[in-house]
């Protein structure tokens, strides 16, 4: 019996070492590192960045485009974070754009916020384990999670967990 328990423990340890979650960071997460007007979210985001090295971290060309629209000072801060944490940028594709269009056409994400649909589509198409966001209006809300899961199942896409940095920390 003891041999069996040792074998199970060895398997659990090996599995934990082999599995590194792949997470996609939407732009708001990096922004909240510097959100002095929202100290609670800023603190949680900083705590998240204390454990971020436990994950394979990805962003996308959409995140980089959104950062380009920031002020020079903010752009520099956000770019430094991306470089410091060695975040890898994923590229949009026709497949990504088609999936984003489905999310919009199905009424999950408003057309005006197409980039939010692109973030979810990129995380889905690149088979991320999670998309992490502070966008509670369009991305991290029950209706979006429910409908994205249903669409992804229907299209035989990987289920992507949609969550906040807070859920990744606590």
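The values are calculated or read from the model by the stated rules, or taken from the named source; none is laboratory data. Quick caveat, the model's predicted, so the values are computed rather than measured. Heads up, the Cβs are rebuilt from the backbone with ideal geometry, glycines too, and the neighbour counts pull from every protein chain shown.
Between 95, 73, which is surrounded by fewer than 19 Cβ atoms within 10 Å (Cβ to Cβ) and out of contact with any helix residue (DSSP H, G or I) (no Cβ under 7 Å at 6 or more places or on another chain)? Explain how you work it out, then say what you get.
Details: 95 fails: out of contact with any helix residue (DSSP H, G or I) (no Cβ under 7 Å at 6 or more places or on another chain).
Going through 95, 73 in turn, just one is surrounded by fewer than 19 Cβ atoms within 10 Å (Cβ to Cβ) and out of contact with any helix residue (DSSP H, G or I) (no Cβ under 7 Å at 6 or more places or on another chain): 73.
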Subject >> Residue list for the stretch 131-148, restricted to those being within 15 Å of residue 117 (Cβ to Cβ) and surrounded by 15 or more Cβ atoms within 10 Å (Cβ to Cβ) >> reply: 131, 133, 135, 138, 139, 140, 144, 145, 147, 148
**OP:** With the checklist (1) in contact (Cβ under 8 Å) with a residue 60 or more places away in the chain; (2) out of contact with any strand residue (DSSP E or B) (no Cβ under 8 Å at 6 or more places or on another chain); (3) surrounded by fewer than 18 Cβ atoms within 10 Å (Cβ to Cβ) in hand, flag the one item residue 114 doesn't pass.
**Re:** (1)
**OP:** Report, by residue number, each residue of the stretch 138-163 that is closer than 23 Å to residue 40 by Cα, assigned to a loop (DSSP other than H, G, I, E, B) and touching a helix residue (DSSP H, G or I) at 6+ places or on another chain (Cβ under 8 Å).
**Re:** 138, 139
Subject >> Search result, residues across the stretch 27-41 that are surrounded by 14 or more Cβ atoms within 10 Å (Cβ to Cβ) and either in a helix (DSSP H, G or I) or in contact with a strand residue (DSSP E or B) (Cβ under 9 Å, 6 or more places away or on another chain) (or both) >> reply: 27, 28, 29, 30, 31, 32, 33, 34, 41
Subject >> So residue 84, is it surrounded by fewer than 17 Cβ atoms within 10 Å (Cβ to Cβ), free of Cβ contacts under 8 Å to residues at least 24 places away in the same chain and within 18 Å of residue 59 (Cβ to Cβ) >> reply: yes
Original post:
Can you tell me which of 52, 62, 44 is at pLDDT 95 or above, within 18 Å of residue 118 (Cβ to Cβ), assigned to a helix (DSSP H, G or I) and touching a helix residue (DSSP H, G or I) at 6+ places or on another chain (Cβ under 9 Å)?
Top reply: 62
Original post:
Which one of these does residue 46 not meet: (1) farther than 24 Å from residue 146 by Cβ; (2) touching a strand residue (DSSP E or B) at 6+ places or on another chain (Cβ under 7 Å)?
Top reply: (2)
